[in-house]
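Here the structure comes first, spelled out in structure tokens, and everything after it is commentary.
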Amino acid sequence: MTEKLYLEDSYIKEFDANVIECIPYKDKYAVVLDKTAFYPEGGGQPSDTGYINDQKVIYVFEESKKILHIVNDKISTKKVTCRIDWNRRYDFMQQHTGQHVLSHCFLNLFNGNTDSFHLTDNSVSIEIDIKNFTDEDLTLLEDMANNIIYSNLPITSKIVNEEELKYLPLRKLPSVKDNIRIVSIGSIDHSPCGGTHVLRTGEVGIIKVIKWEKLKSSYRFHFLCGKRALYDYRYKNSIQQSLCAKLSVKNNDLEKTVNRIINENKNLNKEVLEKIKELIKYEASEKYNSCQPIKGFRIIKEIYADRKFDDIKILAAELSSYEKTAALLGVTNENAQIVFCRSDDIDADMNVLLKNFIPLIDGKGGGSPKIALGGGKKENLSFMIDEAYNSLVRSLS
């Protein structure tokens with residue numbers, strides 16, 4: 001059995017070991033060592049990476065009581081020197097310790113138990129079984145969590161038996177019965193855990209919840225600790241300073257200024273939309289007047305390029321406001337989009353018409369007897385609209 005150095009000392013960055021076996025694993029090799037400081041994936045924490053000699057350790061996991069270190073090529077030497085990717089390991093130690101602190105705070109403030117913990121290279125989150133959560137709750141949570149960090153409490157771990165377990169105020173019960181490892185934050189939090197942690201809460205640096213989301217019966221909280229929080233703040237602060245410079249405002253006035261610009265933009269968009277509708281109304285009038293009636297009906301067919309489909313829909317609606325008028329309009333941008341529309345006094349089903357011919361462009365769509373919308377490939381759009389036009393003319397005749 002491999003000696004698990006990471007359980008005794010999370011700060012081991014380099015160690016020597018003996019290779020017990022190196023066996024083919026899929027298209028790579030799995031190395032078993034007599035001892036390892038590489039943490040195998042488990043408990044929501046990803047595995048360590050690093051090197052065995054010059055071979056990169058891609059992934060580490062435990063299977064059938066063996067810790068397998070996955071590398072690209074076979075390792076032929078008996079004795080090896082191993083190096084942990086320390087920056088990655090320390091980041092995980094900060095995030096995992098921060099999770100213990102947050103879980104303690106959720107339980108004490110809101111009686112919320114931690115259902116799960118997820119840690120990756122880019123994100124970290126926990127799910128808490130609480131029914132409600134507010135901005136005011138967030139302030140209480142972060143203040144308590146960061147006060148624990150500032151207190152710089154010691155973090156210790158030890159293996160206990162079932163008898164010793166009875167006298168510990170555990171935050172949660174262990175999932176195993178043998179070799180139960182308890183991680184303690186000072187005297188305030190005790191939890192069974194096989195992960196890697198920092199030595200004191202001060203090393204977590206800071207805990208910041210960046211967002212939360214309601215699930216069916218719980219909440220998921222995304223948070224950042226240590227350097228992740230620093231990098232996040234650095235990025236967001238650079239954006240803030242850039243926006244302040246562009247808008248010529250101070251930090252405290254940024255939100256108010258952005259809200260003002262948004263409202264002004266909404267009003268301008270409304271004005272522009274009204275102007276567009278007026279122009280489209282004139283356009284519809286010209287198309288109606290220039291269209292030659294067929295037995296008393298006007299059928300306008302047109303294909304536009306690089307025009308907003310919303311404008312085409314407005315145009316179709318305007319045309320269909322005229323008596324005995326139908327519009328078969330398409331637009332080609334990345335794909336084809338189509339609108340078939342008619343006035344109330346035409347006995348034709350636009351939904352049926354569209355569905356009969358939209359397979360010609362490998363498209364889909366639907367609507368009502370008066371108006372139908374669809375989309376598909378633009379290559380055969382002209383042919384498709386011509387065929388629909390001819391069919392509509394025949395039905396009206």
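Collect the residues in the range 91-143 that are part of a helix (DSSP H, G or I) and aromatic (Phe, Trp, Tyr), keeping them in residue-number order.
Of everything in the range 91-143, those that are part of a helix (DSSP H, G or I) and aromatic (Phe, Trp, Tyr) turn out to be PHE92, PHE106, PHE110.
Among the residues of the range 128-166, those identified as farther than 16 Å from TRP212 by Cβ and among the basic types (Lys, Arg) are LYS158, LYS166.
Of the helices (runs of 4 or more DSSP H) that lie entirely inside the range 302-397, those containing 3 or more residues that are loosely packed, with under 14 Cβ neighbours inside 10 Å span 381-396. Of the residues making up the range 117-172, those that are farther than 28 Å from PRO40 by Cα, β-branched (Val, Ile, Thr) and either buried (at least 17 other Cβ atoms within 10 Å of the Cβ) or in contact with a strand residue (DSSP E or B) (Cβ under 9 Å, 6 or more places away or on another chain) (or both) are ILE130, ILE148.
Restricting to the range 222-274, what's the tally of residues that are farther than 30 Å from ALA316 by Cβ, surrounded by 10 or more Cβ atoms within 10 Å (Cβ to Cβ) and of a type in the set (S, T, N, Q)? Adding up the residues that qualify gives 9. The residue of the range 17-41 that is farthest from VAL124 (Cα to Cα), among those that are touching a residue at least 40 places away in the same chain (Cβ under 8 Å) and touching a Phe, Trp or Tyr at 6+ places or on another chain (Cβ under 8 Å), is CYS22.
If you scan the range 172-206, which residues turn out to be within 17 Å of TYR6 (Cα to Cα) and part of a loop (DSSP other than H, G, I, E, B)? Listed by number, the residues that qualify are ASN179, CYS193, GLY194, GLY195, THR196, HIS197, VAL198, LEU199.
Kindly evaluate LYS277 against the criterion of being surrounded by 14 or more Cβ atoms within 10 Å (Cβ to Cβ), among the charged types (D, E, K, R) and not in a helix (DSSP H, G or I). Outline the logic, then answer.
On the way: surrounded by 14 or more Cβ atoms within 10 Å (Cβ to Cβ): yes; among the charged types (D, E, K, R): yes; not in a helix (DSSP H, G or I): no.
When the stated conditions are applied, LYS277 does not pass them.
Is it true that SER76 is under 24 Å from SER191 (Cα atoms) and either without any contact (Cβ under 8 Å) to a residue 60 or more places away in the chain or more than 35 Å from the chain's Cα centre (by Cα) (or both)? Spelling it out, it is not the case that SER76 is under 24 Å from SER191 (Cα atoms) and either without any contact (Cβ under 8 Å) to a residue 60 or more places away in the chain or more than 35 Å from the chain's Cα centre (by Cα) (or both).
All of the numbers you see were taken from the coordinates with simple rules; none came from a lab. Just so we're clear, the structure is a prediction, and the values are computed from it rather than from any experiment. Note that each Cβ is placed from the backbone with ideal geometry, even for glycine, and that neighbours are counted across all protein chains shown.
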